[in-house]
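Accompanying notes for the structure given below.
The values are calculated or read from the model by the stated rules, or taken from the named source; none is laboratory data. Small disclaimer: the values here were computed from a predicted structure and weren't measured. A quick note on method: Cβ atoms are made from the backbone with ideal geometry, for glycine too, and the neighbour counts reach across all protein chains shown.
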Amino acid sequence: MKTRDELSPAAHRRMLEQHRGSAAAAFAALASDCVRQFLVHNAIEPLPDSLLSAYVSRLWLVVQDVGLPPPLPDDEPGEPAERPPQLVADLASRVFAGLPFPERHDDLETPTRQLLKACLQPEFRRCRDSYKEVVEGVCRRQEPSRACQRISGSHCVDCPYWIALRPDQHRALLWKAWVTDPALGLEQEPELFLPEKYRALRLFLWRQARHDN
């Protein structure tokens, strides 16, 4: 499990200090890393810096307007809850409103929906185990063509394991459930199926929710 220090307010303050004490700047850096990785995994050319900067700034403004979900009380397990698709679509439209380079906005549609869900879906503590749903010997989450379409790889954007486990523990958990040829998956491209850039963003959001409350 993660150490108390990793999840502490002090750890969050140290992260904010690396970004001029600004949660917006920290989010922009972490979300930009996730977007860049998504584009690489999908063989999409990099975004112009001005578009990426404006995009992550708009995304954070929309998230702040809605509000991060409140921290889950220690004595409650929580329940998985998807945001309504139409709400996510409406919020995505607000993110794109007025951004430059409209010809590149289609490249951001998928990561925008996923980033909004990562920021806004409520917390819960028991994994839905979607990362190991095997049907006729195949798990879709272990297919590169599926994983590259997710900023969070094999796991859901709101999976509690991003917070509860260290990277080595999380990799061991995923490996235990692996049914695909290792040479074509987790061993060859670990960042595709278990992206640490996304873990950094998820941990920031978890701590920021507690900082705001």
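Details
- Taking the criterion of being surrounded by fewer than 18 Cβ atoms within 10 Å (Cβ to Cβ) and aliphatic (A, V, I, L, M), the residues of region 17-38 that qualify are A24, A25, A29.
- Any hit, region 33-45, residues being acidic (D, E) and over 16 Å from the mean Cα position of the chain (by Cα): yes
- The number of residues in region 192-201 being surrounded by 23 or more Cβ atoms within 10 Å (Cβ to Cβ), in a helix (DSSP H, G or I) and not aromatic (F, W, Y) comes to 1.
- Considering residues of region 27-71 that are of a type in the set (V, I, T) and free of Cβ contacts under 8 Å to residues at least 40 places away in the same chain only, the residue farthest from K117 (Cα to Cα): V40
- Any hit, region 65-78, residues being among the small types (G, A, S), within 25 Å of R150 (Cβ to Cβ), in a loop (DSSP other than H, G, I, E, B) and touching a Leu at 6+ places or on another chain (Cβ under 6 Å): yes
- Cross-chain or 6+ apart pairs with Cβ under 7 Å, region 145-168 first and at positive phi, then among the small types (G, A, S) and part of a helix (DSSP H, G or I): G153/A147
- The C-beta contact set for region 97-125 (first residue closer than 18 Å to A28 by Cβ and in contact (Cβ under 8 Å) with a residue 24 or more places away in the chain, second residue exposed (fewer than 13 other Cβ atoms within 10 Å of the Cβ) and of a type in the set (S, T, N, Q), distance under 8 angstrom, 6+ apart or interchain) comprises P100/S50; F101/S50.
- Qualifying positions in region 47-63 - part of a helix (DSSP H, G or I) and either modelled with pLDDT under 95 or touching a helix residue (DSSP H, G or I) at 6+ places or on another chain (Cβ under 9 Å) (or both): L51, L52, S53, Y55, V56, S57, R58, L59, W60, L61, V62, V63
- When residues of region 7-46 are limited to those that are among the basic types (K, R) and either in contact with a Cys (Cβ under 8 Å, 6 or more places away or on another chain) or part of a helix (DSSP H, G or I) (or both), the one modelled with the highest pLDDT: R36
- Residues being in a helix (DSSP H, G or I) and within 12 Å of C156 (Cα to Cα) - total across region 79-91: 0
- D75 fulfils the conditions (1) without any contact (Cβ under 8 Å) to a residue 24 or more places away in the chain; (2) under 17 Å from the mean Cα position of the chain (by Cα) except for a single criterion, (2).
- Single unsatisfied condition, D90 versus (1) farther than 24 Å from A209 by Cβ; (2) without any contact (Cβ under 8 Å) to a residue 12 or more places away in the chain: (1)
- Of all residues in region 60-86, exactly one satisfies the criterion of being farther than 24 Å from Y161 by Cβ and in contact with a Phe, Trp or Tyr (Cβ under 9 Å, 6 or more places away or on another chain), namely W60.
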